[in-house]
Amino acid sequence: MSDHSAGLAALADPVRRQILDSLSESGPQSASALASGFDITRQAVSKHLKQLEAAGLIGRSTNGRAVLYEVDRRAISDTAMWLAATTQRWNERLDRLGGLLH
């Protein structure tokens, strides 16, 4: 498996993608603030945050007693570049195969 496996697995879940979208749009947020925008419990949001953090897609910092989560833009960018390169390779392979079949 690739170095991006954990990130891709984390992105497979729609709630985690929505959490990333929220963090991207609104900046650093606490689990409680994030949970207020979802129809799931704060504990469920916390579990999703732990998976995103374990995948390296988000980081956390403290502000007083609050724990704030934010997107690791470098990790997202690295994953996006890997996906783009992989897509290009597959498109080239499919084009070659299409040329052989015609």
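The values are calculated or read from the model by the stated rules, or taken from the named source; none is laboratory data. Note that the structure is predicted; figures quoted are calculated from it, not measured. In this analysis, Cβ positions are derived from the backbone assuming ideal geometry, glycine residues included, and neighbour counts consider all displayed protein chains. For accessibility, only protein heavy atoms count, side chains too; no ligands or nucleic acids. Shrake-Rupley method; radii C 1.70, N 1.55, O 1.52, S 1.80 Å.
In the context of the full set of protein chains, the range 1-46 has a per residue accessible area of 58 Å² (1.4 Å probe). Of the solvent-accessible surface of the chain, computed with a 1.4 Å probe over protein heavy atoms with every protein chain present, carbon and sulfur atoms account for 53 percent.
The modelled label-to-label distance between PHE38 and GLU53, using points 7 Å beyond Cα along the C-beta direction, is 1.4 nm. Projecting the Cα atoms of SER36, TRP82, SER46 onto the dipole axis of the range 1-96, where Lys and Arg carry +1 and Asp and Glu carry -1 at the beta carbon, places SER46 farthest toward the positive end. Structural descriptor for the chain: relative contact order 26 percent, calculated from alpha carbon pairs under 8 angstrom and at least 6 residues apart.
Please express the Cα-Cα pair-distance distribution P(r) of the chain as a list of whole percents, one per 10 Å bin, running from 0 to the bin with the greatest distance. With 10 Å bins starting at 0, P(r) equals 14, 40, 23, 13, 7, 2, 0. With respect to the chain, whose longest principal axis is taken over its alpha-carbon atoms, helix 42-54 is tilted by about 50°.
For the chain, a crude dipole built from +1 on the beta carbon of Lys and Arg and -1 on the beta carbon of Asp and Glu, taken about the Cα centre, is about 200 debye to the nearest 20. Each of ARG96 and GLU25 was given a label point 7 Å from its Cα along the Cα-to-Cβ line. The distance between the two points is 4.2 nm.
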